Every structure is written in C-alpha cells, then in structure tokens.
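Everything below concerns the one structure shown next.
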Amino acid sequence: MSMKTIQKTIAAIDNVLTSGFSILIVLGGALMTLTVVLQVLLRYVFKQPLFGLEEFSRLVAIWLYFLGAILSTKNDNHVQGDVANKYISGERARIVLRTFVWILCLVTCILFLYHSGSYSWWIYGTGERTTGLWWPRVISVGSMFFGAVFMTLYSLTNVIKYWTTALNYKTDRSRSAP
C-alpha cells in the first residue's frame, strides 16, 4: 500500500469522524435542551418531575463537552491567550511558538489520557452505578477517556503540522501560517 493511499484512507476516516462528532453535538445539544425544558415544565408548571431526567441530561452534557473538546483540538480553535503574538514579529518565530504550544498540549493530553484511562478502568472494575437510574458510571466517566484519545491524536497531528511548517519555512510574503 502506498503512502498516498494511506493518507487518503486516514483523511476519509477523519472526515467521517468529524461529521459524526458534529452530528452528535447537534443532536445532543437539542436533546439536552429538550430534556431541561421538559424537566422545568414538569417540575414547576405541572408539579410532577420526571425521575432520572436530570441525570440523563447531565450524561448527555458531559459527552457533549468532550465531543466539543475533540473538535476544538482538531480545528485548533481552543480558547487561547495570544499575547506573545503581539511581541513576536517574525512569522517563523510565531510558527515555532505555535509548535511549542502544541507540544505542551500534547504532553497535557497524554497525561489526561493516562489518568482518564486509569480512572475509567477503575470505575469499570468497581461496577459503580449512578444514584438515580443505576446506569453504569463508566458510561459518563468513559467520555473522558474517549475525549482524551482523540484529543491526543489531534494534538499529535497539530504538532506534526506546525513542526513541518516550521522546518520547511521559507521567507515568503504571500504565505501565512496554517
């Protein structure tokens, strides 16, 4: 199998994952909104709250959080303080700084991956369940591990992208950073 075929396959898988994550975020956001509105109506208007609806809403919310973190990492649009860019005038220096920032992000994601994996495995081993609906807690805790896996992979791709851009940088006024 050639390198070009492998790259096309990885790009196709990445597109499917990105589309899937985006669809899940939209559906999950709508579902969470509906469950919260329904619970407010049932509790405060009809005085008959539906047991377990808040727990379900929290479960959806935690998965939404980590799906959003995955897409933010992939698209390189996390909330960032770009104060250094005001003091660094050279484009190559900015790319090198960006590479260093992504290396730190990758190290952080690897630590997060290790600890979320350890915690998820521990929760799985205990068989712990939620207090209301008695669902396995690994369903919600597993969102951390799932998010950490993809955030680590996308951080690695961003490190590679900026590293190769910095190494191959040639002074050219028409060119901008990725």
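The values are calculated or read from the model by the stated rules, or taken from the named source; none is laboratory data. Keep in mind it's a predicted model, so treat the numbers as computed, not measured. Here the Cβ positions follow ideal geometry from the backbone for every residue, glycine too, while neighbour counts run over all protein chains shown.
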Of the conditions (1) over 19 Å from Gly142 (Cα atoms); (2) touching a helix residue (DSSP H, G or I) at 6+ places or on another chain (Cβ under 9 Å); (3) hydroxyl-bearing (Ser, Thr, Tyr), Ser19 satisfies every one except a single condition; which number is it? (2)
If the requirement is being within 18 Å of Ala148 (Cβ to Cβ), out of contact with any strand residue (DSSP E or B) (no Cβ under 9 Å at 6 or more places or on another chain), among the aliphatic types (A, V, I, L, M) and touching a residue at least 60 places away in the same chain (Cβ under 8 Å), which of these qualifies: Ala61, Ala69? Ala69
The condition from (1) in a helix (DSSP H, G or I); (2) closer than 21 Å to Ala61 by Cβ; (3) aliphatic (A, V, I, L, M) that Leu133 misses is numbered (1)
Could you tell me whether any residue of the stretch 68-89 is in contact with a Cys (Cβ under 8 Å, 6 or more places away or on another chain), in a helix (DSSP H, G or I) and crowded, with 18+ Cβ neighbours inside 10 Å? yes
Go over the candidates Gly132, Gly147, Gly117, Gly142 one by one and state the one that is over 30 Å from Ala30 (Cβ atoms) and either modelled with pLDDT of 95 or more or surrounded by fewer than 15 Cβ atoms within 10 Å (Cβ to Cβ) (or both). Gly117
Check off (1) part of a helix (DSSP H, G or I); (2) of a type in the set (Gly, Ala, Ser); (3) over 30 Å from Glu54 (Cα atoms) for Ser116 and give me the number that stays unchecked. (3)
So Ile103 passes all but one of these: (1) crowded, with 18+ Cβ neighbours inside 10 Å; (2) within 22 Å of the chain's Cα centre (by Cα). Which condition number does it fail? (1)
Would you say Ser155 is at pLDDT 90 or above, surrounded by 13 or more Cβ atoms within 10 Å (Cβ to Cβ) and within 30 Å of Gly52 (Cβ to Cβ)? no
Please work out if Ala30 is farther than 25 Å from Met144 by Cβ, assigned to a helix (DSSP H, G or I) and not hydroxyl-bearing (Ser, Thr, Tyr). no
Residues satisfying the stated conditions in the stretch 9-58, i.e. under 23 Å from the mean Cα position of the chain (by Cα) and surrounded by fewer than 12 Cβ atoms within 10 Å (Cβ to Cβ): Thr9, Ile10, Ala11, Ala12, Ile13, Asn15, Val16, Ser19, Gly20, Ile23, Val26, Ala30
Of the residues in the stretch 113-169, how many are under 28 Å from Val96 (Cβ atoms), more than 19 Å from the chain's Cα centre (by Cα) and of a type in the set (S, T, N, Q)? 3
Keeping to the stretch 39-53, report how many residues are without any contact (Cβ under 8 Å) to a residue 40 or more places away in the chain and under 21 Å from Thr130 (Cα atoms). 4
Residue check, Val138 without any contact (Cβ under 8 Å) to a residue 24 or more places away in the chain and in contact with a Phe, Trp or Tyr (Cβ under 6 Å, 6 or more places away or on another chain): yes
